[in-house]
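Readers should treat all values here as calculations from the given coordinates under stated rules, not as data from a laboratory. Computed from a prediction, not measured in an experiment: that's the story for all the values here. Glycine also receives a Cβ, built like all others from the backbone with ideal geometry; neighbour counts cover every protein chain displayed.
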C-alpha cells in the first residue's frame with residue numbers, strides 16, 4: 001500500500017484554488033484564501049470541499065460560506081457529476097473580481113439568545 005506524503009496531501013487540499021487561478025478565476029480563489037485565513041486566525045478547524053461549494057446546491061442555487069456567495073461553475077458541476085444548470089458560469093471571470101461579503105442575520109451576535 002502506497003503512503004501519501006505531506007506535500008501530496010497539501011497538493012490535494014489546494015487543488016481547487018490552484019485550478020481556479022490557472023483558469024482565470026483569481027477573484028474566487030482569493031475569496032477562498034481570505035475565508036481560510038479568517039478560520040485560521042479564529043482557530044477554527046473547518047474544512048470544506050470547495051468543489052462542492054462551487055457546484056452549487058441541489059436546486060442549482062449558489063452556496064454561501066462565511067457570508068460570501070460563491071458563483072456556480074460549470075467545471076465544478078461536471079467534476080462533481082451533477083447536472084449542469086443554466087445559472088452556472090462557463091469560461092473565465094475577470095482576474096480582479098472579488099466576491100462581496102454579505103451580512104447574515106442568522107449568525108449576528110445581536111440575534112443570539114443567551115443560554116439558560
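Figures for the structure shown
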{"item": "Nitroxide proxy distance, nm - points 7 Å out along Cα→Cβ at residue 51 and residue 74", "result": "1.9 nm"}
{"item": "Approximate spin-label separation residue 44-residue 89, in nm, with each point projected 7 Å along Cα-to-Cβ", "result": "2.2 nm"}
{"item": "Full-stretch length increase - residue 82, residue 61 - with 0.36 nm per residue and alpha-carbon distance subtracted", "result": "6.3 nm"}
